[in-house]
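Nothing in this text is a laboratory measurement; each read-out follows from the coordinates by a stated rule. Being a predicted model, the structure only gives us computed values, none of them experimental. No Cβ is skipped: glycine too gets one built from the backbone with ideal geometry, and neighbour counts run over all protein chains shown.
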């Protein structure tokens, strides 16, 4: 069982295949989650940035909103997962349960710590007359904020790789394996 930990986040990736042949429903749920992850810089970072430290060109307020929307989409995908076919002993390892652990241990702690705090600063304390990228660089907790976000992105990349492997998905990101 793989457990990823980075900074204050950890995620147990105990995903198992659900029988010899995955159904189309299983793979469709995995594909939907993969699509949501792979199309959001806020979730997995930039393809060429192996350490997830490059936030250039990213407007934090919009990326935070994108990350929150990903949380909502992941919850919707979790609802669709065909849990009725899964035997009781495997419930802790199916995709829906892993999505829940991801939300509880990675996404929710990050959003609780940073989303409201940053939004409050952006809307009430920052200088709206400055250019957006200049303005966001003045966030007093910027270094800690971006470090936590980079950690989140690295964990989400590993989660993405595991989904590709377990559910036999095509990796459309074009990113190098190593």
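See the values below:
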quantity	calculated
Spacing of the two label points (7 Å from each Cα toward its C-beta) at residue 116 and residue 138, in nm	2.5
Burial order of peptide ranges 34-43, 52-61, 146-155 (average beta-carbon count within 10 Å, highest first)	146-155, 34-43, 52-61
Protection-proxy order for peptides 105-113, 71-79, each taking the mean of Cβ atoms within 10 Å per residue, highest first	105-113, 71-79
Residue-span extension gain [residue 124 to residue 165] - 0.36 nm each, minus C-alpha spacing	10.3 nm
Two-site FRET efficiency, residue 39 against residue 79, from Cβ-Cβ distance with R₀ of 25 Å, rounded to 0.05	0.80
